[in-house]
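As structure tokens, the structure follows; a few thoughts come after it.
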Amino acid sequence: MPPFLRLGLGFLLGSLCYALPAQDIGSFKGKRPFDLSGGVSLNAATFNSSLPGVGNRPFTWTVSGSPTVSLWGITIPFSFVYSEQDRSFRQPFNRLGASPRWKWLTLHAGHRNVNFSKYTLGGWQFLGGGFETTGKLRLGAVYGQFMRPVDVSVLDTFDRQSAIPSFDRRGYAFKLGVGTYRNYWDFVFFRASDDTLSVASVEGRRAGLPQDNVAAGAKANFTFFKIVTFDLDAGASALTRNRFADTIRIGTDYPASLVRYFHPNVSTQLRFAGDAGLALRLRIFQARISYTLIQQDYATLGVYNFSADVERILFTPSATLWKGKAQVQVTTGFQRNNTLGNLQRQSVNRNLGFNLMLRPNAHFNANVNYYNFQNNLQRNPGYPVDQLDSLLNFRQATQTGGANLSYRSGTKDRSHLFGLNISGNLYGENNAETGTRKNNLALTPALNWRFDNRPAGWQLGSTASSGFIETAQGKIIRWTAGINGTKRWLKDRYSVSCNSGITQTQLPGGSGGGLGWYVRTRGHVKVQKTHTLALSLNLTDAPRLQGGRVTAFNANLTYNYTLGSLFKAKSNTGSTPPLPSGKNQRL
């Protein structure tokens with residue numbers, strides 16, 4: 001770990017010696033004893049494809065909702081998802097949880113998604129409970145089940161073949177910090193472990209490998225002079241990937257103080273990760289420099305995945321010019337892997353790019369971007385040279401660019417929008433030792449037109465695009481042309497849209513390709529602002545690159561019910577609100 005990250009983490013630790021949003025509940029005075037609001041969504045879908053190997057589901061359904069219960073003004077939001085897939089062994093789509101909040105205190109119960117730190121507990125959904133506080137004293141603690149046990153011994157033969165066995169995993173985390181929204185520091189501790197006795201072994205298939213994890217992290221954010229901001233997020237994780245592995249002697253690689261919390265063995269790995277940034281924000285100029293280090297194999301049981309083995313430096317200056325009509329941003333950086341220095345080969349990446357946005361008036365808009373990425377794969381100087389290494393010593397360069405131009409004419413009620421989009425990609429590979437070169441070029445221009453007639457409630461558009469891909473095997477050319485239209489009635493309560501087109505694909509050497517077509521349509525009905533029904537149909541028929549054709553069809557029917565509040569203010573009984581003077585009411 002770099003010295004300044006170690007210093008920042010050590011300073012914060014030495015100073016000590018995302019879920020669904022919660023709701024504020026305020027006071028009880030003048031509140032109803034009970035109220036219910038929220039919504040429910042029902043979805044049914046079907047999919048069929050002639051492509052070999054694609055699993056067709058003739059019918060699937062999902063019921064989801066986000067009801068909110070209010071008790072004397074205390075709002076308790078819930079969420080649930082129920083699907084026909086719950087008939088499977090894991091039941092991954094059944095969730096229920098709530099996070100009520102009262103002043104500075106937030107409670108978590110049920111299935112929650114809490115984010116304490118990016119490198120300790122961040123984003124993993126668990127079943128349990130906990131709390132968080134806001135203010136100058138920032139406290140938080142959670143405990144729950146982080147993985148459900150899946151015992152393949154109780155499954156039938158069919159489910160057992162596709163089941164992913166797992167142990168019962170329990171964990172807890174706490175956060176302690178001080179500060180405000182702009183200036184704070186937090187210390188986070190996370191612990192999770194698998195119960196090795198929670199699942200039996202069937203036919204030699206254990207529930208994977210039981211794991212054990214202890215992680216600690218620190219977060220900080222400080223603002224100076226209202227224009228300079230420093231942020232830090234660092235962590236250390238000791239992960240045991242197999243609790244059945246042989247034990248080691250404590251006091252050699254791990255301190256004896258860990259024994260009460262953790263039991264390392266030969267499969268335990270201690271890794272560090274962190275990122276720090278420094279930003280400057282002025283009226284017309286902004287700049288940020290950041291550093292990230294995630295050591296090889298860094299992982300915790302409180303985060304789903306990491307892009308590990310990365311060391312990266314990024315510098316991003318930007319400026320706003322011409323009274324806000326022009327904005328330019330430049331990105332340049334350096335990245336490498338082999339953070340532990342134990343790989344025989346390592347890659348070094350360099351990138352440079354810019355993005356320019358122009359809007360000189362209300363009619364014209366332009367966006368131009370360019371990005372250059374170079375990857376050098378080279379030998380680690382600490383390893384001897386062999387034939388395999390020489391074949392892998394090469395350089396890759398990728399250049400991408402694009403321009404989006406649009407022009408709008410007409411009035412607010414009736415307008416035309418013309419667009420031109422061009423994107424390109426050039427990939428080159430050069431092996432300095434073997435002398436081989438390879439270049440691939442892709443270019444995609446597209447023209448778009450759209451006409452809006454707001455008083456009549458309809459919209460009409462067309463598009464034409466092409467794609468050119470040049471490879472070592474030859475050229476691939478693809479042409480596409482399509483039209484689309486939308487019609488709305490009664491202030492968007494009813495709408496119908498359709499999009500259809502044709503494609504022509506030409507492959508090198510006449511190995512495949514041909515004419516294809518697609519049709520997509522969607523209908524939408526909204527009743528009394530609470531009931532919404534939508535139906536979409538998609539049909540595609542196109543040639544395959546390997547020869548032959550593929551036809552796919554899918555339909556999706558969705559019903560949404562939104563309940564603003566169970567108890568609404570009622571009008572005077574027997575009275576009818578008068579119509580506005582001189583106007584007729586039309587349903």
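The values are calculated or read from the model by the stated rules, or taken from the named source; none is laboratory data. Keep in mind it's a predicted model, so treat the numbers as computed, not measured. So basically every Cβ, Gly included, is an ideal-geometry build from the backbone, and we count neighbours across all protein chains shown.
In the stretch 481-494, which residues are buried (at least 16 other Cβ atoms within 10 Å of the Cβ) and modelled with pLDDT under 95?
Answer for the stretch 481-494, where residues must be buried (at least 16 other Cβ atoms within 10 Å of the Cβ) and modelled with pLDDT under 95: just ARG488.
What is the one condition in (1) at pLDDT below 90; (2) within 25 Å of the chain's Cα centre (by Cα) that GLN378 does not satisfy?
(2)
List every residue pair whose Cβ atoms lie under 6 Å apart, where the two residues are 6 or more positions apart in sequence or sit on different chains, the first residue falls within the stretch 398-414 and is assigned to a strand (DSSP E or B), and the second residue, located anywhere, is among the hydroxyl-bearing types (Ser, Thr, Tyr).
THR398/TYR427; THR400/TYR371; GLY401/TYR370; GLY402/SER423; ARG408/SER415
Among the residues of the stretch 279-312, what is the count of those that are closer than 25 Å to MET357 by Cα and part of a strand (DSSP E or B)?
9
Any idea which of ALA234, ALA238 is at pLDDT 95 or above, within 25 Å of GLY140 (Cα to Cα), in contact with a Leu (Cβ under 6 Å, 6 or more places away or on another chain) and surrounded by 14 or more Cβ atoms within 10 Å (Cβ to Cβ)?
ALA234
Taking the condition among the β-branched types (Val, Ile, Thr) and touching a helix residue (DSSP H, G or I) at 6+ places or on another chain (Cβ under 7 Å), does ILE476 pass?
yes
How many residues are part of a strand (DSSP E or B) and aromatic (Phe, Trp, Tyr) when one looks only at the stretch 317-338?
1
Residues are listed down the side, and each one gets a yes or a no for (1) farther than 22 Å from ASP168 by Cβ; (2) modelled with pLDDT of 80 or more; (3) in a strand (DSSP E or B):
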| position | (1), (2), (3) |
| --- | --- |
| VAL40 | yes, yes, yes |
| GLY55 | yes, no, no |
| VAL69 | yes, no, yes |
| TYR82 | yes, yes, yes |
| LEU107 | yes, yes, yes |
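Considering only residues that are over 25 Å from the mean Cα position of the chain (by Cα) and hydroxyl-bearing (Ser, Thr, Tyr), look in the stretch 322-362 and name the one that is surrounded by the most Cβ atoms within 10 Å (Cβ to Cβ).
THR339
Of all residues in the stretch 113-140, which are part of a strand (DSSP E or B) and buried (at least 24 other Cβ atoms within 10 Å of the Cβ)?
Passing the criteria: VAL114, PHE126.
Any residue in the stretch 100-127 that's closer than 24 Å to ASN221 by Cα: show its pairings with residues that are surrounded by fewer than 16 Cβ atoms within 10 Å (Cβ to Cβ) and among the charged types (D, E, K, R) at Cβ separation under 9 Å, as long as the two are six or more apart or on different chains.
Partner pairs satisfying both residue conditions: LYS103/ASP24.
Which of the residues that make up the stretch 381-410 are at pLDDT 85 or above, within 23 Å of ASN351 (Cα to Cα) and of a type outside the set (Val, Ile, Thr)?
Result: ALA397, GLN399, GLY401, GLY402, ALA403, ASN404.
Does GLY474 satisfy the condition of being assigned by TED's automatic domain parsing to the domain that holds TYR518, within 30 Å of ALA397 (Cβ to Cβ) and not basic (Lys, Arg)?
In short, yes.
From ALA308, ALA319, which residue is surrounded by 14 or more Cβ atoms within 10 Å (Cβ to Cβ), of a type in the set (A, V, I, L, M) and modelled with pLDDT under 95?
Only one candidate qualifies: ALA308.
Look at ALA442 and say whether it is within 18 Å of ASN484 (Cβ to Cβ) and in a strand (DSSP E or B).
Here the answer is no, as ALA442 does not meet what is asked.
Is it the case that the stretch 526-537 has a residue that's touching a Gly at 6+ places or on another chain (Cβ under 6 Å) and outside any loop (DSSP other than H, G, I, E, B)?
Yes.
Can you say whether LEU282 is at pLDDT 85 or above and within 27 Å of the chain's Cα centre (by Cα), as far as the supplied structure shows?
Taking the combined requirement at face value, the residue does not satisfy it.
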